[in-house]
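Below is one structure, written out as structure tokens; the observations come after it.
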Amino acid sequence: MILEGLVTTTDADGRPHLAPMGPRVSADFSRLVLRPFPTSQTGRNLLVHGEGVFHITDDAALIARSAAGLLTEVPSTTEASNIRGFVLADCCRSYEFVVRSADTSNERFKLDAEVVAARTHRDFVGFNRARHALLEAAILATRFHMISESELDAEFQKLGTIISKTGDDAELAAMTELRDAHVRFRAAGARP
């Protein structure tokens with residue numbers, strides 16, 4: 001199954017880097033298959049350092065802001081227990097992993113990783129329709145360069161309606177930020 005969450009990796013200076021990611025997760029959560037783009041900082045970090053942490057969170061706004069590159073800094077972290085890495089302080093579950101093999105021959109890297117430590121930090125509150133819609137909008141934000149403007153506009157309209165009907169202030173603000181990021185992307189003249 002593919003499970004949406006956040007991944008922390010370590011950059012060349014030893015600082016945490018945060019990115020949204022939907023790895024394929026084995027049924028027993030012992031293995032992950034991550035597929036970052038070669039141009040992504042996460043992909044580059046994992047090829048060099050080979051360790052990271054996958055986080056399950058119910059903070060859809062954090063996932064959305066991370067997807068659109070709107071975070072100015074990584075939220076509070078603690079040191080990982082079994083790898084050189086970082087665990088988000090406010091997550092539901094964390095899975096520390098080590099990359100065991102890397103295939104860099106395709107459009108996206110395929111990194112097979114073994115989970116070496118798993119922890120439950122707090123209960124998962126869950127998602128309402130707004131949070132599901134915000135996750136979909138966040139995924140779109142990582143693909144501005146791949147999807148036509150008309151398709152993005154239509155999807156943002158549909159998802160925005162759901163969020164405005166069922167979301168709280170955090171989801172509404174995050175959706176506004178995603179829309180603004182799309183406008184900036186469009187103004188920069190980048191087209192799929």
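The values are calculated or read from the model by the stated rules, or taken from the named source; none is laboratory data. The model shown is predicted, which means the values in this text are computed figures rather than measured ones. Here Cβ is always computed from backbone atoms with ideal geometry, including for glycine, and neighbour counts include all displayed protein chains. In case anyone asks, the SASA skips ligands and DNA or RNA and just uses the protein heavy atoms, side chains included. Shrake-Rupley method; radii C 1.70, N 1.55, O 1.52, S 1.80 Å.
Side notes on the structure shown:
- Answer residue from the range 24-33, given it is touching a residue at least 60 places away in the same chain (Cβ under 8 Å), on the phi < 0 side of the Ramachandran plot and surrounded by fewer than 22 Cβ atoms within 10 Å (Cβ to Cβ) and is farthest from the chain's Cα centre (by Cα) among those: 30
- Candidates in the range 108-139 are the residues that are free of Cβ contacts under 8 Å to residues at least 60 places away in the same chain and of a type in the set (Val, Ile, Thr); of these, the one that is most open to solvent (accessible area, probe 1.4 Å) is 120.
- Residue count for the range 108-133, restricted to those that are modelled with pLDDT of 95 or more, in contact with a helix residue (DSSP H, G or I) (Cβ under 7 Å, 6 or more places away or on another chain) and outside any strand (DSSP E or B): 1
- Filter pass, residue 185 being part of a helix (DSSP H, G or I), under 30 Å from residue 48 (Cβ atoms) and in contact (Cβ under 8 Å) with a residue 24 or more places away in the chain: yes
Rundown of residues vs (1) closer than 17 Å to residue 168 by Cα; (2) of a type in the set (A, V, I, L, M, F, W, C); (3) out of contact with any strand residue (DSSP E or B) (no Cβ under 6 Å at 6 or more places or on another chain), yes/no style:
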{"residue": "107", "(1), (2), (3)": "no, no, yes"}
{"residue": "117", "(1), (2), (3)": "no, yes, no"}
{"residue": "121", "(1), (2), (3)": "no, no, yes"}
{"residue": "129", "(1), (2), (3)": "yes, no, yes"}
{"residue": "132", "(1), (2), (3)": "yes, no, yes"}
{"residue": "139", "(1), (2), (3)": "no, yes, yes"}
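- Selected residue (only one of 154, 174 is open to solvent by less than 40 Å² (accessible area, probe 1.4 Å) and either assigned to a helix (DSSP H, G or I) or under 22 Å from residue 129 (Cβ atoms) (or both)): 174
- Check on residue 154, within 21 Å of residue 55 (Cβ to Cβ) and of a type outside the set (Lys, Arg): no
- For the range 1-107, the strands (runs of 3 or more DSSP E) that sit wholly inside it and include 2 or more residues that are among the polar types (S, T, N, Q) are 5-10, 77-79, 93-103.
- Beta carbons closer than 6 Å, at least 6 apart along the sequence or on distinct chains, pair a first residue in the range 1-18 that is over 16 Å from residue 96 (Cβ atoms) with a second that is outside any loop (DSSP other than H, G, I, E, B) and open to solvent by less than 40 Å² (accessible area, probe 1.4 Å) for 1/25; 4/135; 11/45.
To keep it simple, each residue is scored yes or no on (1) of a type in the set (Ser, Thr, Tyr); (2) open to solvent by less than 50 Å² (accessible area, probe 1.4 Å); (3) over 30 Å from residue 167 (Cβ atoms).
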residue: 35; (1), (2), (3): no, no, no
residue: 48; (1), (2), (3): no, no, yes
residue: 59; (1), (2), (3): no, no, no
residue: 72; (1), (2), (3): yes, no, no
residue: 81; (1), (2), (3): yes, no, yes
residue: 85; (1), (2), (3): no, yes, yes
residue: 90; (1), (2), (3): no, no, no
residue: 102; (1), (2), (3): no, no, yes
residue: 106; (1), (2), (3): no, no, yes
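- Matching residues, the range 157-171, being open to solvent by 20 Å² or more (accessible area, probe 1.4 Å) and assigned to a helix (DSSP H, G or I): 157, 158, 161, 162, 164, 165, 166, 169, 170
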